[in-house]
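Accompanying notes for the structure given below.
The values are calculated or read from the model by the stated rules, or taken from the named source; none is laboratory data. Here the structure is a predicted model, which means the values were calculated and not measured. Here Cβ is always computed from backbone atoms with ideal geometry, including for glycine, and neighbour counts include all displayed protein chains.
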Amino acid sequence: MKVISVVGARPQFVKLAPIAHAAAAAGVEHVIVHTGQHYDPMLSDVFFEDLGIPAPDVHLGVGSGSHGVQTGAMLGALDGVFDEHQPDWVLVYGDTNSTIAAALSAVKLHFPVAHLEAGLRSFNRRMPEEHNRVLTDHAADLLLAPTDVAAQHLAAEGLGDKTVVVGDVMTDVLFTTRDAVAGAPSKLVAELGLTPGEFSVATIHRADNTDDPARLAEVVAGLSALDHPVVLLAHPRVAARAASAGIQLTTGSLIEHAPLAYPDLIAAVLASRGVVTDSGGLQKEAFLLRVPATTVRTETEWVETIDLGWNVLANTSDEIAAAVARPRPAETDAAPYGDGHAADRVVAELLAHGD
Ligand code: UD1
């Protein structure tokens, strides 16, 4: 059995880690293709090093561009890669431009496609990720859903017979990393002289929050007005947009900092009082670490975090301040994202549906 994983953006490297380990344990031949969508070392290389992922077998070096230019460059390059390797499965991850490019190239060449993290929906058609995930689900042959809610979305779209609930692979790597960093001091806390439990960790990178200068200014104003230090781990997109709009990211309570390696991020979140983010991954990681999250979006795909009280949607300065100041939610042992062994199930499903 030969599986090609196509990845390109930071969250996909995190999801790839447990898959690479499970594939190796099952004796599956696993070819890793990196599209090059993310190329900064702190968005790419450090994840391969820290999470023990083998170096990519193929690197397309596509880089940044408008959606069409970036996706088209990947499409053009992937045809030849799939043709050369003749995979039994092409495994695509999440909802980025790398996901849709790989799914489209593979189905047109008649290679079976499995979509990891299938069925998530924001129902917000302004998000490029929503188009990427819907189109990928409808192109794919096997839909690996992380949650029951995701499986229900797929059933409602007529895709129920291709769907299997496997759990969330990000939970696998999160639990492993949490246990590895447990008890170790956070590098971020030491570097910035923070007091554990008295600062927030923030990330903002969605186009809807960054690309309109007025909206970015509003989000920055909301974060900088909070009554405790807020460390903004600035993705290159927000750093670039803030610079071109003349917006300072270190202002008031807000402290701009470069993105962190994965173990350092988990240690920082564990030491924090809460997370403020528009990242899909981080709001869920916060819940799994039982750290309250405030999500700067009008909706979320990870509705379980909201239903359980560990995540609150907030958009204006006042909403952000109120959400961050809310009391700690009721403790819960609910496990909507699985048991930390989703990747083994993914590989088992690929083997069961292969040939
Ligand atoms: C992409 C995904 C998003 C995911 C995010 C995780 C799409 C449509 N979006 O968004 O779903 O949550 O990754 O981080 O695929 N840049 C750099 N260095 C890099 C990469 C990007 O400087 O290594 C800058 C460039 O200015 C680039 C911009 O960031 O134009 C946006 O990068 P891009 O990969 O297009 O989208 P992300 O915002 O990272």
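Selection over the range 42-75 of residues that are β-branched (Val, Ile, Thr) and within 9 Å of the ligand (Cβ to nearest atom) gives a count of 1. All of Phe13, Phe82, Phe111 fail the test of being of a type in the set (Phe, Trp, Tyr), under 23 Å from Leu135 (Cβ atoms) and surrounded by 24 or more Cβ atoms within 10 Å (Cβ to Cβ), apart from Phe13. Kindly indicate the residue of the range 92-118 that is away from the ligand (no atom under 16 Å from the Cβ) and in contact with a helix residue (DSSP H, G or I) (Cβ under 7 Å, 6 or more places away or on another chain) and also farthest from Met170 (Cα to Cα) among those meeting that condition. By that ranking, first place goes to Leu109.
Considering the range 233-248, and only residues there that are closer than 22 Å to Leu194 by Cβ and in a loop (DSSP other than H, G, I, E, B), the residue that is farthest from the ligand (Cβ to nearest atom) turns out to be Gln248.
Please verify whether the range 208-227 includes one or more residues that are of a type in the set (Val, Ile, Thr), assigned to a strand (DSSP E or B) and either closer than 17 Å to Thr294 by Cα or away from the ligand (no atom under 16 Å from the Cβ) (or both).
Initially, the range 208-227 is screened for residues of a type in the set (Val, Ile, Thr), giving 210, 219-220.
Next cut, assigned to a strand (DSSP E or B) only: none.
Within the range 208-227, not a single residue is of a type in the set (Val, Ile, Thr), assigned to a strand (DSSP E or B) and either closer than 17 Å to Thr294 by Cα or away from the ligand (no atom under 16 Å from the Cβ) (or both).
Among the residues of the range 48-67, those that are of a type outside the set (Val, Ile, Thr) and either in a loop (DSSP other than H, G, I, E, B) or not assigned by TED's automatic domain parsing to the domain that holds Leu16 (or both) comprise Leu51, Gly52, Pro54, Ala55, Pro56, Asp57, Leu60, Gly61, Gly63, Ser64, Gly65, Ser66.
When each of Arg215, Arg297 is tested for being over 16 Å from the mean Cα position of the chain (by Cα), over 23 Å from Leu16 (Cα atoms) and among the charged types (D, E, K, R), the lone residue that passes is Arg215. Filtered by the rule that a residue be in contact (Cβ under 8 Å) with a residue 24 or more places away in the chain and assigned to a loop (DSSP other than H, G, I, E, B), the range 249-259 gives Leu249, Gly252, Ser253, Ala258, Pro259.
For the range 17-41, the set of residues classified as touching a Leu at 6+ places or on another chain (Cβ under 8 Å) and either part of a helix (DSSP H, G or I) or more than 16 Å from the ligand (Cβ to nearest atom) (or both) consists of Ala17, Ile19, Ala26, Val28, Ile32, listed by residue number. Out of curiosity, is His38 farther than 17 Å from Arg237 by Cβ, buried (at least 21 other Cβ atoms within 10 Å of the Cβ) and of a type outside the set (A, V, I, L, M, F, W, C)? For His38, the condition - farther than 17 Å from Arg237 by Cβ, buried (at least 21 other Cβ atoms within 10 Å of the Cβ) and of a type outside the set (A, V, I, L, M, F, W, C) - is not met. Tallying residues that are without any contact (Cβ under 8 Å) to a residue 24 or more places away in the chain and within 16 Å of the ligand (Cβ to nearest atom) within the range 78-91 yields 0.
State whether one or more residues within the range 158-180 are small (Gly, Ala, Ser), away from the ligand (no atom under 16 Å from the Cβ), assigned to a loop (DSSP other than H, G, I, E, B) and closer than 25 Å to Phe47 by Cα. Yes: the range 158-180 contains one or more residues that are small (Gly, Ala, Ser), away from the ligand (no atom under 16 Å from the Cβ), assigned to a loop (DSSP other than H, G, I, E, B) and closer than 25 Å to Phe47 by Cα.
Would you point out which residue out of Ala225, Ala245 is modelled with pLDDT of 95 or more, among the hydrophobic types (A, V, I, L, M, F, W, C), over 13 Å from Val276 (Cβ atoms) and surrounded by fewer than 18 Cβ atoms within 10 Å (Cβ to Cβ)?
Working: Ala225 fails: over 13 Å from Val276 (Cβ atoms).
Going through Ala225, Ala245 in turn, just one is modelled with pLDDT of 95 or more, among the hydrophobic types (A, V, I, L, M, F, W, C), over 13 Å from Val276 (Cβ atoms) and surrounded by fewer than 18 Cβ atoms within 10 Å (Cβ to Cβ): Ala245.
A single member of Val291, Val303, Val230 is buried (at least 21 other Cβ atoms within 10 Å of the Cβ), in the same structural domain as Ala207 (by TED's automatic domain parsing) and either away from the ligand (no atom under 15 Å from the Cβ) or under 21 Å from Arg126 (Cβ atoms) (or both), and it is Val230. Pairing each residue of the range 337-351 that is farther than 13 Å from His115 by Cα with any residue that is of a type in the set (S, T, N, Q), provided the two are 6+ apart or on different chains, yields C-beta distances under 7 Å for Tyr337/Thr147; Tyr337/Thr171; Gly338/Thr171; Gly340/Thr171; Ala342/Thr171.
The residues in the range 155-200 that are more than 24 Å from the chain's Cα centre (by Cα) and of a type in the set (S, T, N, Q) can be counted, and the count is 1.
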